[in-house]
Amino acid sequence: MWEPSAEKDREAAEVRIRPFDYVTDTAEILSFMPELYESNFPGFVVDVDFMARRRNQLRAAARDPSQMVLVAEDPLGLCGFIWLVVEQDYRHRRRGEVSAIYVHPRMRGRGVGRRLMEAGEEYLRSSGCHSVMLMVTAANQVALGLYESLGYEITRHQMEKRLPRGGR
């Protein structure tokens, strides 16, 4: 089983990056979902059905060798996570995707997001991935800055148009 390098753990001893454990970590990760989704998708409301689906998706991720969830943990508990998926691109090469990443407000600005991204990239590299992609909300300037500082580039734009009800 893949484990993050001990050298990265020494850089910030109070935060440890480790693989997700479904039994012990699920409740805390689920507690992050309202802020993660409601802040990134204005008007979205996390409800009971959404939480049940995410719980089931976490259970599936824990069993699926093409997925990895890493958590960041400090003395107060979990303070972030990154959810990774290994897939094949259109050329049948392995590519990683950052499906979700979250850092608890108490730890923002302390390098936890960067450490999660670096650990995620290390895992994907060890899984034979040639690249990693992610989607980020255009208004999330802090995340955009982090990803750009890590060498991520815009390769496509997703556009959306709201349709008025009942007419043009």
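What angle, in degrees between 0 and 90 and rounded to the nearest 10, separates the Cα long axis of helix 112-126 from the longest principal axis of the Cα atoms of the chain? Between helix and principal axis, roughly 80 degrees. Surface composition of the chain: carbon and sulfur atoms hold 52% of the protein heavy-atom accessible area at a 1.4 Å probe. Taking all protein chains into account, the per residue accessible area for the chain stands at 65 Å² (1.4 Å probe).
Would you please classify the overall shape of the range 12-156 from the alpha carbon gyration tensor, given that a ≥ b ≥ c denote the square roots of the eigenvalues, rounded means a/c under 1.5, and beyond that prolate means a/b larger than b/c while oblate covers the rest? Cα axes put the range 12-156 in the rounded bin.
Computed on the range 11-164, with alpha-carbon pairs under 8 angstrom and 6+ residues apart, the relative contact order is 20 percent. Could you state the angle between the C-alpha long axis of helix 48-63 and the longest principal axis of the C-alpha atoms of the chain, as a value from 0 to 90 degrees rounded to the nearest 10? Approximately 40 degrees, to the nearest 10. Highest-first packing order for the peptide set 19-26, 118-125 is 118-125, 19-26, based on the mean count of other beta carbon atoms within 10 Å.
The values are calculated or read from the model by the stated rules, or taken from the named source; none is laboratory data. Everything numeric here is computed off the predicted structure, so don't read it as measured data. As a convention, Cβ positions derive from the backbone with ideal geometry for all residues, glycine included, and neighbour counts pool all protein chains shown. Only protein heavy atoms, including side chains, enter the accessible area calculation; ligands, DNA and RNA are left aside. Shrake-Rupley method; radii C 1.70, N 1.55, O 1.52, S 1.80 Å.
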